[in-house]
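Structure first, commentary second.
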Amino acid sequence: MFDKDMVAGIDIGSRSIELVVLNSGGVVRREKLPTTFDPLGQCRKLVEGLEGVRVVATGYGRKLFAESFPGLNVSAITEIQAYALGVKFLHPEAGTVLDIGGQDTKVISLSGSGKVVKFEMNDRCAAGTGKFLEFMAVALQVPIETFGEFALRSERRVQISSMCAVFAESEATSLMARGERAENIAMGLHAAIISRTIAMLRRVGASPPLVFAGGVAHNPCAVRLLEEQLGQPVSVPENPDMVGAIGAALYGRNGSIQ
Amino acid sequence: MANSYDAMWEKLNLDLDAHSGLLEVLGKFYGDIHASQQGRLRGMEYLDFVLSEVHGLRIKELQEAKAAGRIVVGTFCVFVPEEIVLAAGGIQVGLCAGAEIGNEQAEKVLPRNTCALIKSFVGFKLARLCPYIESCDLIVGETTCDGKKKAYEIFSDYSPVHVMEIPQMKKASDRVLWKSEVLGFKNKVEEMTGKKITAQSLKDAIHLVNGRRLVLQRLNRLRAAVPVPISGRDALLINQISFYDDPVRFTAKIGELCDELAERVKAGEGVVPKGTRRLMLSGCPMAVPNWKLPYVIESSGAVIVGEESCIGTRNTRDLVKETGTTVEEMVEALVDRYMRIDCACFTPNTERLENVVDMARELKVDGVIHYGLSFCQPYAIEAFKVEKALGKAGISMLSIETDYSMEDVEQLKTRVEAFVEMTS
Ligand code: SF4
Ligand code: SF4
């Protein structure tokens, strides 16, 4: 299985860590673990057996990873670059990348050749990120995996005015106390985060087609609302949370940002 | 720092415990960010020394000057004409306001969503931390942004404050207003020193301050070389120190440093590896010890080659014409020079857009990082225009909004690194 064309990309985020291994034929390994309180331990499990393989790290933990595995051939790139490369590979036609991850939201505008021309990040608080949805799913006692489907069963969209996770929770609780259906509230919460995302997309001047990656892209309600409000179809890669790791691995293969 | 200054600090009514905490933070910061750099110029030893004695020797000098009958005037804005103070035999110091150590105190009298610079100077005063503020016989405020304007009202409960009205536009009537403000300031200073400004004393003062601007201009020209001969952090530090060091000594010392720099440039020696991206900073001033963003940038594969800010080219770009022979003519020259300042508090402020683009082109930068302090409206709003103007010139810009806290360093690193990757 060892082959000199083999490269690995590892995306160490605040919620999960993804690993992708490529050889000249394509993806040969794809794995994901939760970050937990011991990210390095989790990384160690993932990179076992990769001695001698070039590894490119991305995500919040990229520096820590590079410093902690001196035995491996590691370099690091930012999530912005990794997502741009990954999306360009999976969807060569992409004009804009949206990534809603566990703790931040990124919008990246790409040139015709796939270079990053502009980006925006929201990384200051949970507002508008996957974390917000997770928090709200817990408040409404719905598993996060099915929160999107749950919201799609709503009959109307209630207005949630606060984007702060703490205030939004109390808004949701008081709506429930007034007898509002949980599905409708869930829809309102999704709508709140998507309208915030749209504002970010507009700031970057997002040109279509839009590729939606990151963990929240699994959520069908988020995708539906995005398409509705943008008035254009949105593509979601097959494994949206693996895009960063794929991009990192591709960087390792090409040795540069092309 | 030597305890021998304790008595002096006590006399200045500083809170000694809190003050030693501040010095500790400052020293550590300086060590991490400046002193640890590789291949620094010999001339930086002077700056290391000045900084290590920032609350010591320089304060002692100020006390001695005061004992000899001179006054000390403190300012927070490059609009206050230092030439007037010098010509009347006074000393002017630019107060720094770059640390958040007095925030808790400041937030007792200011809303939380006030820019870090304002919070810092009010906090320093209330917490009795800054020997410069405590040495001042007069603090000069100015009507630039709303935050500062209102903060001086609060400040004046604790210190003597003179507020200069800065026009918001650049029409003929604004110049008239500004001139009357400069004359008013002149009267105020003359009254305090008991010394009349003469044609000779004003001429000397103008020449002295121009000399300092010229040496900083020279520094900027030299550092623009490829490969870059001095880190942006060190160049910023030099600009920061220019605000409170003795102008004669500073100009001489930086002249020597420039000679050394010129040799380096001639020898083709640089401080960063080949391929390091050249970036320029633009926006709000960075006061001592606010070195956060420069540090983040220079540890992300980039080097800063210029600062378009008040602790940078906005303070040094324009000289005062030295052709005047009478006090009246020289005051006119001062008025003209200061009216050229392209602060975001003005409307419209198209000169700044032109200056930013010209500077970015001249310095052959790979990109510009716009730096705004959180809650600073003038610069935050103008950032959009700056980005557009740069975009037209084919130069990318990253807009950063932050304050003095260290909370967001990791996020800033990601942004800055991504920007560096993008410009590669
Ligand atoms: S940015 Fe404007 S208000 Fe601030 S110091 Fe400069 S000229 Fe004064
Ligand atoms: S940074 Fe902005 S808000 Fe703060 S004092 Fe300067 S102009 Fe005012």
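The values are calculated or read from the model by the stated rules, or taken from the named source; none is laboratory data. Because the structure is a prediction, the values reported are computed rather than measured. Note: ideal-geometry Cβ built from the backbone for every residue, glycine included; neighbour counts use all protein chains shown. What goes into the accessible areas is simple: the full protein's heavy atoms, side chains included, and nothing from ligands, DNA or RNA. Shrake-Rupley method; radii C 1.70, N 1.55, O 1.52, S 1.80 Å.
Reported count of residues in segment A:68-84, each being open to solvent by 20 Å² or more (accessible area, probe 1.4 Å) and either within 10 Å of chain B (Cβ to nearest Cβ) or under 24 Å from the mean Cα position of the chain (by Cα) (or both), is 3.
Within segment A:90-106, is there a residue that is under 18 Å from residue A:7 (Cα atoms), in a helix (DSSP H, G or I), away from chain B (no Cβ under 14 Å) and open to solvent by less than 10 Å² (accessible area, probe 1.4 Å)? The answer is no; no qualifying residue exists.
Filtering segment A:197-213 to residues that are out of contact with any helix residue (DSSP H, G or I) (no Cβ under 9 Å at 6 or more places or on another chain) and closer than 17 Å to residue A:164 by Cα leaves A:199, A:200.
Being open to solvent by less than 40 Å² (accessible area, probe 1.4 Å), within 30 Å of residue B:215 (Cβ to Cβ) and free of Cβ contacts under 8 Å to residues at least 40 places away in the same chain is the requirement here; does residue B:35 meet it?
no
The condition of being away from ligand 1 (no atom under 12 Å from the Cβ) and in contact with a strand residue (DSSP E or B) (Cβ under 6 Å, 6 or more places away or on another chain) holds for only one of B:154, B:166, B:91, B:101, that being B:91.
Among the residues of segment B:41-62, those that are more than 20 Å from the chain's Cα centre (by Cα) and open to solvent by 50 Å² or more (accessible area, probe 1.4 Å) comprise B:42, B:45, B:57, B:60, B:61.
When restricted to residues that are modelled with pLDDT of 95 or more, of a type outside the set (A, V, I, L, M) and within 26 Å of residue B:50 (Cβ to Cβ), segment B:293-330 contains 15. What about residue B:170, is it within 16 Å of ligand 2 (Cβ to nearest atom), among the basic types (Lys, Arg), within 24 Å of residue B:284 (Cα to Cα) and open to solvent by 30 Å² or more (accessible area, probe 1.4 Å)? No; evaluated as a whole, the condition is false for this residue. Counting the residues of segment A:1-45 that are hydrophobic (A, V, I, L, M, F, W, C), closer than 27 Å to residue B:411 by Cα and surrounded by fewer than 22 Cβ atoms within 10 Å (Cβ to Cβ) gives 3.
Residue B:380 satisfies every condition listed in (1) buried (at least 20 other Cβ atoms within 10 Å of the Cβ); (2) within 13 Å of ligand 2 (Cβ to nearest atom) except (1).
Name the single residue, out of those in segment A:107-121 being touching a strand residue (DSSP E or B) at 6+ places or on another chain (Cβ under 9 Å) and at the interface with chain B (Cβ under 10 Å from one of its Cβ atoms), that is surrounded by the most Cβ atoms within 10 Å (Cβ to Cβ). Per the criteria, the residue is A:108. A count restricted to segment B:130-174 and to residues that are under 23 Å from residue B:193 (Cα atoms) and either in contact (Cβ under 8 Å) with a residue 40 or more places away in the chain or among the polar types (S, T, N, Q) (or both) stands at 15.
Tally the residues that are part of a loop (DSSP other than H, G, I, E, B) and open to solvent by less than 10 Å² (accessible area, probe 1.4 Å), restricting the search to segment B:310-320. Quick ask: steps written out before the conclusion?
Going residue by residue through segment B:310-320, those that are part of a loop (DSSP other than H, G, I, E, B) are B:310-312, B:317-320.
Then drop every residue that is not open to solvent by less than 10 Å² (accessible area, probe 1.4 Å), which leaves B:312, B:320.
Result for segment B:310-320: 2.
If you go through segment B:327-342 one residue at a time, do you hit one that is within 16 Å of ligand 2 (Cβ to nearest atom) and touching a strand residue (DSSP E or B) at 6+ places or on another chain (Cβ under 8 Å)? No - not one qualifying residue is present in segment B:327-342. Selection within segment B:396-410: residues that are out of contact with any Phe, Trp or Tyr (no Cβ under 9 Å at 6 or more places or on another chain) and free of Cβ contacts under 8 Å to residues at least 24 places away in the same chain. The member of this set that is least open to solvent (accessible area, probe 1.4 Å) is B:408. What about residue B:146, is it out of contact with any His (no Cβ under 6 Å at 6 or more places or on another chain) and away from ligand 1 (no atom under 15 Å from the Cβ)? So residue B:146 fails the test. Take the residues in segment B:100-132 that are of a type in the set (Lys, Arg) and open to solvent by 30 Å² or more (accessible area, probe 1.4 Å); name whichever of them is farthest from residue B:21 (Cα to Cα). Result: B:112.
Taken residue by residue, segment B:150-158 has no member that is touching an Asp or Glu at 6+ places or on another chain (Cβ under 7 Å) and either at pLDDT 95 or above or surrounded by fewer than 17 Cβ atoms within 10 Å (Cβ to Cβ) (or both). All of (1) within 16 Å of ligand 2 (Cβ to nearest atom); (2) within 30 Å of residue B:206 (Cβ to Cβ) hold for residue B:154 with one exception: (2). Each residue in segment A:151-178 was checked for being open to solvent by 30 Å² or more (accessible area, probe 1.4 Å) and either part of a helix (DSSP H, G or I) or under 20 Å from residue A:196 (Cα atoms) (or both), and 16 pass. Just one of the numbered conditions (1) open to solvent by 30 Å² or more (accessible area, probe 1.4 Å); (2) outside any helix (DSSP H, G or I); (3) within 14 Å of chain B (Cβ to nearest Cβ) is not true of residue A:206: (3). Within the option set B:368, B:386, being over 29 Å from residue B:174 (Cα atoms), in contact (Cβ under 8 Å) with a residue 60 or more places away in the chain and in contact with a strand residue (DSSP E or B) (Cβ under 7 Å, 6 or more places away or on another chain) holds for one residue only, B:368. If only residues of segment A:47-67 that are part of a helix (DSSP H, G or I), surrounded by 19 or more Cβ atoms within 10 Å (Cβ to Cβ) and touching a Leu at 6+ places or on another chain (Cβ under 9 Å) are counted, the one that is nearest to the other protein chains (Cβ to nearest Cβ) is A:65.
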